[in-house]
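The values are calculated or read from the model by the stated rules, or taken from the named source; none is laboratory data. Nothing here was measured: the structure is a model prediction, and the numbers come from that model. Here Cβ is always computed from backbone atoms with ideal geometry, including for glycine, and neighbour counts include all displayed protein chains. With ligands, DNA and RNA removed, areas are computed over all heavy atoms of the protein, side chains included. Shrake-Rupley method; radii C 1.70, N 1.55, O 1.52, S 1.80 Å.
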Amino acid sequence: GAGSAGIACLELLKTMGVKDKNSFLCDKSGIIYEGRNDSSMNQWKSKHAVKTSKRSLAEALDGADVFLGLSAKDAVTQDMVKKMAKNPIIFAMANPDPEILPEKARAVRPDAIIATGRSDYANQVNNVMGFPYIFRGALDVQASTINEEMKIAAAKSLAQLAREEVPDEVRQAYAGRHMEFGPEYIIPTPFDPRLITTVPVAVAKAAMETGVARKPIKDMDAYVQTLAARRDRTANSLTNLFQKIKANPQRMIFAEGEDDRIIRAAAQWRDSGYGTPILVGRVDRIMEGFKRLNIENHKGIEIMNAAMSKHVDEYISRLYKRLQRKGFLERDVARLVKNDRNIFASCMLQAGHGDAMITGHTRNYNVCLNDIRKVLDMKSDQPLFGMSMMISKGRTVFISDTTVHELPTAEELNSITLCTAQKVRQLGTEPRVALLSFSNFGNPMMEKAKRVRDAVTLLDANKDIDFEYEGEMSADVALNQEMMNLYPFCRLSGPANTLIMPALHTANISSKMLQSLGDGVMIGPFLVGLSKPAQIIQMGASLNEIINLAAIAAAEAIDNESGANKSKGKSKKTAEVVKIAKPEKAKTKAKAAPARKRA
């Protein structure tokens, strides 16, 4: 096709190194050759005229390595394809019907690598993979022009992205289609979320290197995070978390190391610079997984199991001392350590042979929690509970307790509130806490609501609290400013971002409903209160969910180490009198919105 698209593609190829003598530009009349002077010729076509005795498209394709089609339906026949070189590359991009259908081309040349402009065939060539992101990169550096180097950078970034492991969300969107670099997958799909963090970055760098960027980007890592936040609502919320982990890489124990998704998560953990993944499982099974997932580079991924570990006897001895008065014989403990991966992984974590642990992808949540609690203690200064983090419509809301306490007492709600606020601050948000109920400030006053009211009374008595809280209140009042305005005595300066649930069934049902029905992303539930950072993912969790929860576990490991270094020689406080460290920003807010006594 010798129109604007065809000529633009040819000029880009020539800029990248294709010789004039090795390319033929064709229109409906045949090859654009030197001396051709019919009425269809123009200055743009003439620029690419070649000296040749060939005249037709059929002759041009004889022995050709590549066919690039931006022309019309059925422009190419099977006889033409037969005469192409070995492993021919055929980009038949006429829309809606290509120059030759892939099945017809493959019938005569099974060695062909084929792409079209259609979504119902493999290797769709789609403008949406290029133009939005090229403009994004160009605009972000205020480029004075879009030059050839910027376009080449975009093309090369797409080519490189096709060679990388495909995210789970893309596989799910194209269910049933095999996506691994090869003849059926040489181009990323239009729905690949990584496009926003690869193509604009390559374009921006090329603009800077060629001197057309009027506003060069100084911090490229921060720029990548900004781009990621445009398509991933968890990116902004977890940016600081991932940066902390990159600066302090952690040894992450993956208890279910033979599972394919866990193997991919381990590889991503390593490749992202978050630390060393340790896969617990049989070496032969994990190596088969590497091969199956086309993970050729195993460096930096450790494999461990009871048969390999020199610490097994140490693990058995420690765990037996812990469980011998809980009905376990020494041989029972030995069997647990040697045969149960959750137990073995927890023992590794307890002994300091890993910094954090992830499990739960193949087992029930409560089963995993019971296994972990056989080995790990609770922290002495806080209760064990579960938190979830909901990101929706520009808001981040934390929910507690979603996993442990069935019907918490007022004292337990008090402790959960204190520790939740502390965790929310660690995750970079200033807590504004609502203790939820079906009652709004005593209307109606029933026994179940009184627990929440009593918890607020306990919080009122604690002079060390320096975050906003209020209750008992319904969810709509807590989250909606207009509803909150009906209660002028309410102590919250704005809608709550931290919700303390009155019971486990309420928390679990509501968080899962939000996850399933809401237009948002749920991270968690994640455990708070274990002596060592172990997290339990939900069965069938996506790769992103696994990495996010692993990041929370790793960040807790970093905080624990930092806290241990600061508190050497100091006595521990109980959860009821924990003083939560307050960032400087909170001081201004406290003055602007002084606490008021409840009516």
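Quick notes on this structure:
- Inspection of segment 41-49 identifies no residue that is touching a residue at least 24 places away in the same chain (Cβ under 8 Å), touching a Lys or Arg at 6+ places or on another chain (Cβ under 7 Å) and within 26 Å of LYS156 (Cβ to Cβ).
- Segment 449-500, subset basic (Lys, Arg) and assigned to a loop (DSSP other than H, G, I, E, B), residue most open to solvent (accessible area, probe 1.4 Å): LYS463
- Within segment 524-544, if we keep just the residues that are in a loop (DSSP other than H, G, I, E, B) and surrounded by 24 or more Cβ atoms within 10 Å (Cβ to Cβ), the residue that is farthest from the chain's Cα centre (by Cα) turns out to be PRO533.
- Just one of the listed residues (ILE187, ILE152) is at pLDDT below 95, closer than 26 Å to ILE7 by Cβ and open to solvent by 20 Å² or more (accessible area, probe 1.4 Å), namely ILE187.
- Restricting attention to segment 293-332, the residues being open to solvent by less than 70 Å² (accessible area, probe 1.4 Å), within 37 Å of the chain's Cα centre (by Cα) and not hydroxyl-bearing (Ser, Thr, Tyr) number 14.
- Residue within segment 85-108 that is of a type in the set (Asp, Glu), farther than 30 Å from LYS215 by Cβ and crowded, with 20+ Cβ neighbours inside 10 Å present: yes
- Qualifying residue in segment 97-113 (condition: under 24 Å from SER4 (Cα atoms) and touching a residue at least 40 places away in the same chain (Cβ under 8 Å)): no
- Segment 481-493 residues that are at negative phi, paired with ones that are assigned to a loop (DSSP other than H, G, I, E, B) (beta carbon under 6 Å, 6 or more apart): GLN481/PRO495; MET484/CYS490; PHE489/ALA599; ARG491/ALA595; ARG491/ARG596; SER493/ALA593
- Test: residue in segment 56-79 that is in a strand (DSSP E or B), touching a strand residue (DSSP E or B) at 6+ places or on another chain (Cβ under 6 Å) and open to solvent by 50 Å² or more (accessible area, probe 1.4 Å): yes
- Checking each residue in segment 507-554 for being of a type in the set (Val, Ile, Thr) and free of Cβ contacts under 8 Å to residues at least 12 places away in the same chain picks out only ILE509.
- Residues (surrounded by fewer than 24 Cβ atoms within 10 Å (Cβ to Cβ) and either of a type in the set (S, T, N, Q) or closer than 13 Å to PRO525 by Cβ (or both)) located in segment 421-436: GLN422, GLN426, THR429
- Test: residue in segment 156-166 that is open to solvent by less than 70 Å² (accessible area, probe 1.4 Å) and under 24 Å from PRO96 (Cβ atoms): yes
- Number of residues in segment 269-292 that are under 20 Å from the mean Cα position of the chain (by Cα), over 10 Å from PHE254 (Cβ atoms) and assigned to a helix (DSSP H, G or I): the value is 2.
- Pairs meeting the criteria (first residue in segment 172-193 and more than 18 Å from MET129 (Cβ to Cβ), second residue open to solvent by 40 Å² or more (accessible area, probe 1.4 Å) and modelled with pLDDT under 90, beta carbons under 9 Å, at least 6 apart or on different chains) are GLU180/GLU165; GLU180/ASN294.
- LEU68 fulfils the conditions (1) in contact (Cβ under 8 Å) with a residue 60 or more places away in the chain; (2) out of contact with any Lys or Arg (no Cβ under 8 Å at 6 or more places or on another chain); (3) within 15 Å of LYS28 (Cβ to Cβ) except for a single criterion, (3).
- When MET308 is tested against (1) free of Cβ contacts under 8 Å to residues at least 40 places away in the same chain; (2) farther than 22 Å from ALA541 by Cα; (3) part of a helix (DSSP H, G or I), only condition (3) is not met.
- The residue pairs whose first member lies in segment 316-330 and is more than 18 Å from ALA306 (Cβ to Cβ), whose second member is open to solvent by 90 Å² or more (accessible area, probe 1.4 Å) and not β-branched (Val, Ile, Thr), and whose beta carbons are closer than 6 Å, counting only pairs six or more residues apart or on different chains, do not exist in this structure.
- Which numbered condition LYS393 fails, given (1) out of contact with any Ser or Thr (no Cβ under 7 Å at 6 or more places or on another chain); (2) under 20 Å from ALA265 (Cβ atoms): (2)
- Answer from ALA410, ALA475, ALA461, ALA421 - the residue that is more than 26 Å from ALA557 (Cβ to Cβ) and touching a strand residue (DSSP E or B) at 6+ places or on another chain (Cβ under 9 Å): ALA475
- Residues of segment 425-449 classified as modelled with pLDDT under 90, hydrophobic (A, V, I, L, M, F, W, C) and either within 33 Å of the chain's Cα centre (by Cα) or closer than 22 Å to GLY529 by Cβ (or both), total: 1
- Hits in segment 44-55 (condition: under 21 Å from ALA5 (Cα atoms) and either open to solvent by 100 Å² or more (accessible area, probe 1.4 Å) or of a type in the set (S, T, N, Q) (or both)): TRP44, SER46, LYS47
- Screening LYS45 against (1) within 24 Å of VAL81 (Cα to Cα); (2) part of a helix (DSSP H, G or I); (3) among the basic types (Lys, Arg) leaves a single unmet condition, (1).
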